[in-house]
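The values are calculated or read from the model by the stated rules, or taken from the named source; none is laboratory data. Being a predicted model, the structure only gives us computed values, none of them experimental. Cβ placement follows ideal geometry from the backbone for every residue including glycine, while neighbour counts extend to all protein chains displayed. Calculation scope for accessible area: heavy atoms of the full protein, side chains included, ligands and nucleic acids excluded. Shrake-Rupley method; radii C 1.70, N 1.55, O 1.52, S 1.80 Å.
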Amino acid sequence: MLDVLSRWNSLGKTNKYLLLVAVLLFFVAVGLYAYMVGSEERYIAKCRTGAQVVADIKDMLGEIKELKGDPEGEDVQAYLERLEHAQENIKTLSHEMQGIHVGSKYQQTNQALLAALQMEGEILHEVEGVLKSPLAANSKETVQKVKEQAKSIAETDVSIPPMDFSAAFKIGDVGEALEGYIARKKALDAARREEEERRAREAEQARLEAIRQRLGQKNSNIMATTSDVEWLTTQIRFIDSSHLALDGFFYNGTSNPIVKIDSMELTVTLYRRESQIYSDTFYFYNLICNGLIFPRKRQDRVLNITSVNGGIPSDFDEFDVTMSNANWTYRI
């Protein structure tokens with residue numbers, strides 16, 4: 001120690017200053033080297049985290065082909081939540097990679113990485129739009145844009161050993177996956193429409209059958225209780241706006257055979273889905289029976305009616321025909 005002090009005291013003033021500067025520069029160089037090495041290690045550590053984020057996104061995009069095609073379905077809703085988190089992760093990663101110190105060794109590589117991250121964020125945004133509205137007017141253009149972006153990002157050369165970002169950025173089939181999703185949505189909608197149409201047909205058939213049953217029951221009730229001659233309609237056929245054909249039969253509820261209907265009035269009322277759309281009264285005279293109509297028997301017949309005012313609608317689905325003021329002739 002005394003020897004060191006002795007040598008120090010033997011140095012001139014200038015030499016002492018030079019020695020102090022040399023020592024100071026040495027420690028600055030050591031500190032700078034340590035900082036550079038530490039910065040590079042921190043950058044590589046952040047890249048390792050980033051590589052995992054990008055790899056996870058690639059795997060997630062590969063799951064699009066498994067989605068059923070219903071934007072409101074549980075699988076798509078859960079996927080959209082994950083997609084939102086993925087977009088946040090990309091934004092966070094981009095921000096951190098921009099703020100971290102990068103030495104000259106990785107300067108160009110980092111710029112390429114930032115550009116690729118920005119493009120991947122745009123892809124995720126476009127994917128989200130298609131998943132939410134697969135049949136939107138611009139879906140086809142959006143998918144084409146995603147295909148082009150996926151091709152471009154796959155060509156990015158970002159290699160920071162031991163991480164290989166380039167492999168994680170190869171998401172070339174995401175466009176085709178979106179096309180498949182859109183196709184499944186169309187097929188799903190078509191199946192739903194077909195099911196809705198089937199149910200509508202069945203409901204309409206059931207409704208019309210109920211109408212037929214009500215009409216049949218009405219005619220049966222009349223025949224069971226009447227003591228007069230009745231006209232009972234079984235079907236009305238539309239001819240044109242001035243003419244209808246009434247299929248039905250005369251029923252003899254009296255105790256004597258009849259040979260002729262001298263006169264009667266028929267009030268015809270037409271309905272569409274239980275709403276009245278037409279009604280008029282028609283008069284008939286001297287309707288000769290085809291032979292005798294015996295008691296409690298019927299005789300089928302077609303009655304043609306003409307409306308002088310026209311206006312008979314064709315789209316009726318139910319009718320009511322009421323007979324009144326009838327007169328008939330018994331067999332003598």
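H243 contributes about 70 Å² of solvent-accessible surface, heavy atoms of the protein only, 1.4 Å probe.
Distant-in-sequence amide contacts of W328, defined by a placed amide H-H separation under 5 Å and a gap of 5 or more residues or a different chain, comprise D262. Computed from backbone phi with θ = phi - 60° and the Karplus coefficients 6.51, -1.76 and 1.60, the 3J(HN,Hα) list for segment 297-314 is 10, 10, 9, 5, 6, 10, 10, 9, 10, 10, 9, 5, 8, x, x, 6, x, 9 Hz; x is used for glycine and proline. What helices does the chain have that are whole DSSP H segments, at least 30 Å long along their own axis by Cα, and with mean Kyte-Doolittle hydropathy of -0.5 or more? Going by DSSP H runs, the hits are 13-61, 107-132. Ordered from largest to smallest accessible area (heavy atoms of protein chains, 1.4 Å probe), the residues T281, T49 come out as T49, T281. Considering only I64, S166, Y283, and ranking their Cα positions along the charge dipole of the chain that arises from unit charges at the beta-carbon of Lys, Arg, Asp and Glu, the one farthest toward the positive end is S166.
Heavy atoms of the protein chains alone define the surface here; on that basis the chain has 60 Å² accessible area per residue at 1.4 Å probe size. With a 1.4 Å probe rolled over the protein heavy atoms of all chains, the accessible area of Y106, Y285 falls in the order Y285, Y106, largest first. Pick the calculated P(r) over Cα pairs in 20 Å bins from 0, in percent for this structure from [x] 21, 22, 15, 18, 13, 6, 4, 2, 0; [y] 37, 59, 4; [z] 27, 52, 20, 1, 0? For P(r) over Cα pairs in 20 Å bins from 0, in percent, the calculated option is [x]. The accessible surface of the chain, taken with every protein chain in place and a 1.4 Å probe, is 53 percent carbon and sulfur. Let me have the relative contact order for segment 142-301, percent, based on Cα pairs under 8 Å that are six or more residues apart. Once divided by the residue count of segment 142-301, the mean separation gives 15 percent. Quick one: net charge around I312, please, counting Lys, Arg +1 and Asp, Glu -1 for every other residue with C-beta under 11 Å from its C-beta. Here the count lands on -3.
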